[in-house]
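*Asks:* Right, I'll just put the structure down here and ask away after.
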Amino acid sequence: MHRPGFVLEVDERTPPLLIAEGAGCRLERLPLGTRVAYPAESRPGIDPALAIGRALTEPLGQVPLGDLLRPGIKLAIVFTDAARPAPAMARPDVRTEALEQILSLAADAGIDDVRLVAANGLRRAQNEEEIRGLVGERVHRSFASDGLIGPHDAEAPDLVEIAPGVRINRAVAEADLVIDVCVVSDLSHTGWQQLTTGITGAATAWAQLGRGGDPQVRDEVAGVLAEHLTVWHLEIVLDQSLYPPRLAFLGKREWEWNIRDRVNALGLRRLQGFAPHRVRGLLLDSPSAPYGVLAVNGGDTAAVGEASRAALMDQQRVDIGAQADVVIAGPAPVTEHNHGAVMNPLIAAWDTLARTFGAHTGKPAVREGGALILFHPLTQEFNARFHAASADFFAEVLTTTTDAAQIRAEHEERFVSDEWYVSLYRTQNAFHGTHPLQLWDALQPAIDHCGDIIWVGADRASAERLGHRAASTLADALEIASASVGRSPDILHLHTPPSLIADVTA
């Protein structure tokens, strides 16, 4: 029996509580009266194989998949890449089961023209080993030798323009039927999102993602895809399980820790004390997280997306009461932007100021003009292969200005079209040059909303370059914030990860 999310009020009996800080965590004794919002425990999972089979035969708003399969058609299967979400790299991957069932139906129907496309969009492309882990050995062996499986290339010269300004992957454009297989754990990953940004050209994708994202443009692209493609959509909704058995204590409530949990927590803290930042990240970027499946829905893209959002909201929504003067939070160890790479300051800022701040039902957890106190070292360390554009952005652009409008006016063209960034994206598995612009634009709503953003335990120069402030301890951070929120603020700690959608009800 799972337990729903709830809010705890800190009193004299409350033990030190976990606060995430990217590639690590800390135990912090919070001020008396602090509200602590705990995510819900994972709901009971379902059998993925049975649920996938049922979704294929009992779809929402669409005919069963088998009714669309017939001899001689061209079939394109698009699947979520390794970055969404990181726990889905566990073995065996649930996408393997979905693809094998779909391919079995295609074989029974006599279809022999099938291509598989990883919908990475402007994110980094997967290498062969990563794709093999997603699709399974049997599927990979059947398609890789003939070049029929691989990541999408948003800068490929052979993209097909199906409408003015909308260019998409050639294999998808030429297919008679497109099957879109998504694994989702976040509201923003549902519905048309994967196809509109994952298999389109760089300019088409950037028109949707740039300047904080434009829902109207995304809807227009979705409409074009719906008009030109026959799409059958499958979404697999994951539960809240993030940690392997040895780190299971990170997902427990602290007063329920047993002796083993306390020993493991002590060992993790000691390891964090001497291990390099990159090593600490690998420890928490686990390939063996025992994630489960909450729901599987197939059929019409819009109907499936709506059903998945309902399942995620039911799992992740937590009533937090009133908005707080101060919100305390920290980034998760792994995000869709740093799977297999160190968490740099831009990604740490994105995870807290965009993803965590933006996870609410209408009002953010912190009041307008309030303070965010965030925990991360903000080490100026960038993966030279994956995040080359972000390293340049942090070192060259943010040293001159943090104003988003000025950055767009003076630097957008460089990061969108620079031949070096394009080459790294196409040949070296790097994120596209637009990546740092996307991250920076996503921070702006939180920056505009909050009066203070303070990083505890952070490199002071990094915090200043982001336009924020740094403090050595939580007490120092509260002292700094007192200028804007007073000396007796209402404090809320978002005890994430796992994910939590804040519902302000007071």
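*Asks:* So is residue 310 more than 26 Å from residue 444 (Cα to Cα), outside any loop (DSSP other than H, G, I, E, B) and without any contact (Cβ under 8 Å) to a residue 24 or more places away in the chain or not?
*Replies:* Working: more than 26 Å from residue 444 (Cα to Cα): yes; outside any loop (DSSP other than H, G, I, E, B): yes; without any contact (Cβ under 8 Å) to a residue 24 or more places away in the chain: yes.
Judged against the criteria, residue 310 is a match.
*Asks:* Within region 362-376, can you find the residues that are in contact with a helix residue (DSSP H, G or I) (Cβ under 8 Å, 6 or more places away or on another chain) and surrounded by fewer than 22 Cβ atoms within 10 Å (Cβ to Cβ)?
*Replies:* Going through region 362-376, the residues in contact with a helix residue (DSSP H, G or I) (Cβ under 8 Å, 6 or more places away or on another chain) turn out to be 364-366, 368-374, 376.
Once the filter is applied, which keeps residues that are in contact with a helix residue (DSSP H, G or I) (Cβ under 8 Å, 6 or more places away or on another chain) and surrounded by fewer than 22 Cβ atoms within 10 Å (Cβ to Cβ), region 362-376 yields 368, 369.
*Asks:* Would you please name the residue that is nearest to the chain's Cα centre (by Cα), looking only at residues in region 370-402 that are among the β-branched types (Val, Ile, Thr) and in a loop (DSSP other than H, G, I, E, B)? Before you say what the answer is, go through the steps one by one.
*Replies:* Taking region 370-402 and keeping what is among the β-branched types (Val, Ile, Thr), we get 373, 379, 397, 399-402.
Checking the rest, the ones that are also in a loop (DSSP other than H, G, I, E, B) come to 379, 399-402.
Values: 379: 21, 399: 27, 400: 29, 401: 27, 402: 24 Å.
The qualifying residue nearest to the chain's Cα centre (by Cα) is 379.
*Asks:* List, please: which pairs have Cβ atoms under 8 Å, are six or more places apart or on different chains, and start with a residue in region 225-251 that is under 17 Å from residue 499 (Cα atoms) and touching a residue at least 24 places away in the same chain (Cβ under 8 Å) and end with one that is basic (Lys, Arg) and in a helix (DSSP H, G or I)?
*Replies:* Pairs that qualify, where the first residue is under 17 Å from residue 499 (Cα atoms) and touching a residue at least 24 places away in the same chain (Cβ under 8 Å) and the partner is basic (Lys, Arg) and in a helix (DSSP H, G or I), are 236/95.
*Asks:* If you don't mind, there's one more thing I want to ask. Read through the list (1) surrounded by fewer than 23 Cβ atoms within 10 Å (Cβ to Cβ); (2) in contact (Cβ under 8 Å) with a residue 24 or more places away in the chain, then give the number of the only condition that residue 181 fails.
*Replies:* (1)
*Asks:* Checking residue 462 against (1) out of contact with any Ser or Thr (no Cβ under 6 Å at 6 or more places or on another chain); (2) without any contact (Cβ under 8 Å) to a residue 60 or more places away in the chain; (3) buried (at least 17 other Cβ atoms within 10 Å of the Cβ), which single condition isn't satisfied?
*Replies:* (2)
*Asks:* Additional query: When you go through (1) more than 24 Å from residue 197 (Cα to Cα); (2) touching a residue at least 60 places away in the same chain (Cβ under 8 Å); (3) within 24 Å of the chain's Cα centre (by Cα) one by one for residue 73, which number turns out not to apply?
*Replies:* Residue 73 satisfies every listed condition except (3).
*Asks:* Take the conditions closer than 15 Å to residue 175 by Cβ and either touching a Ser or Thr at 6+ places or on another chain (Cβ under 7 Å) or at pLDDT below 95 (or both) and apply them to residue 83. Does it pass? Steps first, answer last, please.
*Replies:* Working: closer than 15 Å to residue 175 by Cβ: no; either touching a Ser or Thr at 6+ places or on another chain (Cβ under 7 Å) or at pLDDT below 95 (or both): yes.
Judged against the criteria, residue 83 is not a match.
*Asks:* For residues in region 98-134 being assigned to a helix (DSSP H, G or I) and more than 21 Å from residue 297 (Cβ to Cβ), which is farthest from the chain's Cα centre (by Cα)? Give the steps one after another, and end with the answer.
*Replies:* Applying the first criterion (assigned to a helix (DSSP H, G or I)) to region 98-134 yields 98-108, 128-134.
When the remaining residues are screened for being more than 21 Å from residue 297 (Cβ to Cβ), the result is 107-108, 128-133.
Details: 107: 34, 108: 36, 128: 22, 129: 21, 130: 17, 131: 18, 132: 21, 133: 19 Å.
The residue in question is 108.
*Asks:* Next question, about the same structure. Could you check residue 102 against (1) in contact with a Gly (Cβ under 9 Å, 6 or more places away or on another chain); (2) buried (at least 21 other Cβ atoms within 10 Å of the Cβ) and say which number it fails?
*Replies:* So residue 102 meets the others, but not (1).
*Asks:* Restricting the search to region 334-369, which residues are farther than 21 Å from residue 315 by Cα, of a type outside the set (A, V, I, L, M) and either without any contact (Cβ under 8 Å) to a residue 24 or more places away in the chain or assigned to a loop (DSSP other than H, G, I, E, B) (or both)?
*Replies:* Residues of region 334-369 farther than 21 Å from residue 315 by Cα: 337-350, 353, 366-369.
Filter again for of a type outside the set (A, V, I, L, M), leaving 337-340, 344-345, 350, 367-369.
Scanning region 334-369 gives 337, 338, 339, 340, 344.
*Asks:* So, residue 408, is that one touching an Asp or Glu at 6+ places or on another chain (Cβ under 7 Å) and surrounded by fewer than 18 Cβ atoms within 10 Å (Cβ to Cβ) or not?
*Replies:* Details: touching an Asp or Glu at 6+ places or on another chain (Cβ under 7 Å): no; surrounded by fewer than 18 Cβ atoms within 10 Å (Cβ to Cβ): yes.
No, not satisfied.
*Asks:* Let me ask something additional. If I ask for residues that are in contact with a His (Cβ under 7 Å, 6 or more places away or on another chain) and of a type in the set (Val, Ile, Thr), which ones from region 140-161 would you list? Quick ask: steps written out before the conclusion?
*Replies:* To start, the set of residues in region 140-161 that are in contact with a His (Cβ under 7 Å, 6 or more places away or on another chain) comprises 149, 154.
Passing the criteria: only 149.
*Asks:* All but one of (1) among the charged types (D, E, K, R); (2) surrounded by 19 or more Cβ atoms within 10 Å (Cβ to Cβ); (3) in contact with an Asp or Glu (Cβ under 8 Å, 6 or more places away or on another chain) hold for residue 235; which doesn't?
*Replies:* Going through (1) among the charged types (D, E, K, R); (2) surrounded by 19 or more Cβ atoms within 10 Å (Cβ to Cβ); (3) in contact with an Asp or Glu (Cβ under 8 Å, 6 or more places away or on another chain) one by one, residue 235 breaks only (3).
So that you can scan it fast, the table gives a plain yes or no per residue for (1) surrounded by fewer than 14 Cβ atoms within 10 Å (Cβ to Cβ); (2) of a type in the set (A, V, I, L, M):
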site	(1), (2)
11	yes, no
22	no, no
28	no, no
49	no, yes
56	no, yes
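The values are calculated or read from the model by the stated rules, or taken from the named source; none is laboratory data. Worth saying up front: this structure is predicted, and the values here are computed from it rather than measured. Heads up, the Cβs are rebuilt from the backbone with ideal geometry, glycines too, and the neighbour counts pull from every protein chain shown.
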